[in-house]
1. Out of all the residues in the stretch 254-274, which are outside any strand (DSSP E or B), surrounded by 21 or more Cβ atoms within 10 Å (Cβ to Cβ) and in contact with a strand residue (DSSP E or B) (Cβ under 7 Å, 6 or more places away or on another chain)?
2. Can G227 be described as out of contact with any Cys (no Cβ under 9 Å at 6 or more places or on another chain) and closer than 19 Å to S378 by Cβ?
3. Restricted to the stretch 107-157, and to residues that are among the β-branched types (V, I, T) and within 20 Å of T423 (Cβ to Cβ), which residue is modelled with the lowest pLDDT?
4. Return the residue satisfying two criteria in turn: it lies in the stretch 788-825 and is touching a Ser or Thr at 6+ places or on another chain (Cβ under 7 Å) and open to solvent by 20 Å² or more (accessible area, probe 1.4 Å), and of such residues it is farthest from F871 (Cα to Cα).
5. Test each condition in (1) of a type outside the set (A, V, I, L, M, F, W, C); (2) out of contact with any helix residue (DSSP H, G or I) (no Cβ under 7 Å at 6 or more places or on another chain); (3) part of a loop (DSSP other than H, G, I, E, B); (4) modelled with pLDDT under 95 for Q244 and report the one that comes out false.
6. What about E842, is it open to solvent by 30 Å² or more (accessible area, probe 1.4 Å), at pLDDT below 90 and touching a Ser or Thr at 6+ places or on another chain (Cβ under 8 Å)?
7. Given K785, K809, K736, K772, which one is assigned to a loop (DSSP other than H, G, I, E, B) and more than 30 Å from V622 (Cβ to Cβ)?
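The values are calculated or read from the model by the stated rules, or taken from the named source; none is laboratory data. Quick caveat, the model's predicted, so the values are computed rather than measured. Backbone-built Cβ (ideal geometry, glycine too); neighbour counts: all protein chains shown. Protein only, heavy atoms only, side chains kept; ligands, DNA and RNA dropped before computing areas. Shrake-Rupley method; radii C 1.70, N 1.55, O 1.52, S 1.80 Å.
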Amino acid sequence: MKTILAMLAGGWLAAGATANATSVGYMPPEPTFVRGQARFQVLAPALVRLEYSPSGSFVDASSVAVINRTNWPGAAAQTGDKDGWFTLSTDKLSLRYKLGSGPFTTNNLQLTWHDSAGTHEWKPGDADSQNLGGVPASLDNRSTKTVTDLGPLSRKGCYLLDDSKTALFDAASGWVKARPAPDAQDWYFLAYGTDYKSALAQLAKLVGPPPMLPRYVFGSWFGSRAGYSGQEWEMIVKQFRDEQLPLDMVVIDSDSKTKMVWTGYDWDLEQMPDPAAFFTWMHQHGIKVTVNEHYGALTRDSDSHFEMIRQAMGLPADTKEIPHDLANKKYAGMFMNLLHKPDLDRGLAFWWQDGAAGANLPGLDPYLWTRHIEYEGSERITGRRTTAFCRLGTCWGSHRYGIFFTGDLHGVWESLPVLIPATVRGGNQLTPYMNNLCGGVFVVDLPPELYQRWVQFGAFSPVLWFHGLWGLRLPWEYGSEGVETYSKFAGLRYHLLPYIYTCSREAHDTGLPLVRGTYLEYPDQEGAYAFQQQYLFGKDLLVAPITEPGNGKPVKKDVYLPGGQDWYDYFTGDLYSGGKAITHQCPLDRMPLFVRAGSILPSAPPMAWSDQKRLDPLTLDVYAGEGAAEFNLYEDDGVSLDYRKGAYAWTPLRFDSWKPGNYALRIGPAQGTYQGQLEKRRYEVRIHGLLPPSTVVVNGGMVPAIEAGQDSPGCSWDSRQRVLTIRLTRPLPVGKETLVHIMDAGTFADAVTWQKAWNLREQLRQAKRDMKLKHASIVSGPGIKKPPRVIRVTEEVERQLTDLIDRPKGCAKAPPDFAALQQRVLAALTDDPFESNRSLPEFDPESRQGTELTKGAKFTPQELQTITNRFRGAALPAWSWPAIEAH
């Protein structure tokens, strides 16, 4: 028994827990400067560590928050001691500290830095009214739209990370320890101006990057607080499969799993009589399983391991409860080996940490440490990639272990405007995987429209998870509309998994989140800050979820389209110029979703779960723009740790024009290899924003023309959607470049001119209907042979536009004056609009009577306003946002 207990509590966890965090053989980075009880280290030109120790003894070990204090390039620095002040300057910032003045305060420390906007100053205690926001520990039951918590990104352009209190990793013991001097100061000051990307990259290097998640977590999840039995869970999964609705994970709450809801790890064998068989069934149907855990003290009733743990910890025989204490190395070992390993061995994907275990050590945040112990322990036990998701831990370090559950928001419309900026702000502090509990809790039966809009938002959230507190959240519980919405938007998410997964690797490498504030890419545009109910999904998609009901009517939402490029409406293909805000109108089956012109979206074939099929064929949606479009597709096996050893591949994709009207799409070659990598694959290329080409050539061979929608190799042109589709059904080697040439397809400027002509013609046709109705109401019976002036003018303009639409190539060289064409029609609305005089005599009495009735007829002011609004497209008003002025 003693041997078993010793093994269960052994040191394997310590090695796993510190392997990725503890620096061995520490040497402080250069340059380092000590002045009495203060030490200053230049880690990078705009990043300085500042320490004050009353004893003059400084900390060199990594903390549980700042795990990388050594691998920095340093920077050239000039220093001096003059008039009682120590000064330090790099090419990015300067520092002044009053010698011998004690701990850092607003009176003895000053830092300045320089950027394109000028020189800026910071002192300890300065307020930050320009902060771009962080997220609180939980959004439980929040009903206000305002989240005031601060994050590291600010328009002030700097950040102070205070690491003074956090516990340290101890290389000698392979465990954690409290800081030796709790009254010491350990600060990191970072200046970045508006270069928010560099700020995230340097913070990720300092405190550790977001994790590389298993690919399956980006599929759809379903869970419920309802105490479903194992058979009921299987029935739910079976219905997803029968309805052909994608699903990757089920989330088992405690009411289904444990004997006692709030504590213990024993299964409720009434609900789940054979847990191993349950996991096997789920895996056979493509489902991963995560299970909820709470952290109440263990009792003899709640867990069968109680006595073994009591003896190992040397507790008295009459002990009634054993509180968790993960700061105790022995207990942490048993916590994983006895309480967690059995389910991991059965096939549990990872744990839902609904709270945190105790961690009784000064400076050791229990949320961070619970995540650390379970993440590192699960990875060691399974030998594969893992994650964990829990309520938010706001301290630095907790971000390294996975997914954050924003809490129990009510299933009401008011929750959506809270979650959108909160998700964005999570990305601001290296927590890119915010799990928004799609549908909220407490409300049992959501209004169907709210359910559908929440599905749309969830599809473009970092994690898509439906979970109800005894409530209805399954698509079919909302009728055919619920099923259709889920099928469309969850299906769209699965379609975009190659894009999403590549963004997850980018987050791991650079700290740049999947859901990112518009200002991360467009920091010099005021609209990027002002519109907080939208975000970028990766670099190339802009999303603005609908957050209020339409009650059966389309909903209008103001959306800012960043300047510097054009934007495609994903659903309609319409093209909008950037640098303005539009009021976008969306019926219930659409949401504001835009694609940046000059981008490539890689996508997957339809699938029921994320790894059901290989990425074959690979679909590439190319959205033409003024310049080249590029994307670097990331792939690995999706679940193993081999990516840490270089087992992955990047496939470069580039689309550009080598001659006006002629284009080349280059695919690959793939750079790198991994287990299970395809040697060959098929492709479907869809090019948006061009004109129909004369010829398409792939690797030197001409591609035959086929009808749109035809399921055979070749290229087709969809005249309404303006999309060229090239289907390459013969597998091509991924290790070699595939080169697609598109000849004589017009320029992007031609396509833009065509789009303007098409839009204006559509508006004319709608306005002409109103004109005809008015004309008919005036005549009201008698015939008339010659149409009135306003319709004649409108149709003249319509014919001119149709000529361009039918023959668009080269139209951008001499485009029509669209404003003048508009003005012609507007003028005709008031210039004797119903004049129908003939050049030749009219002999028909009835026709003469009709002509007489129209003489002097006019539109009423209300009719003029209606037609003018329709003609001008007043449903989509736009206004410009200026660039930010230097300050």
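1. Passing the criteria: S254, K257.
2. no
3. This residue is T144.
4. A812
5. It fails just one condition, (4).
6. So E842 fits the description; yes.
7. It is K785.
Condition check ((1) assigned to a loop (DSSP other than H, G, I, E, B); (2) of a type in the set (A, V, I, L, M, F, W, C); (3) out of contact with any His (no Cβ under 9 Å at 6 or more places or on another chain)) across all residues:
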residue	(1), (2), (3)
P523	yes, no, yes
Y529	no, no, yes
P545	yes, no, yes
K556	no, no, no
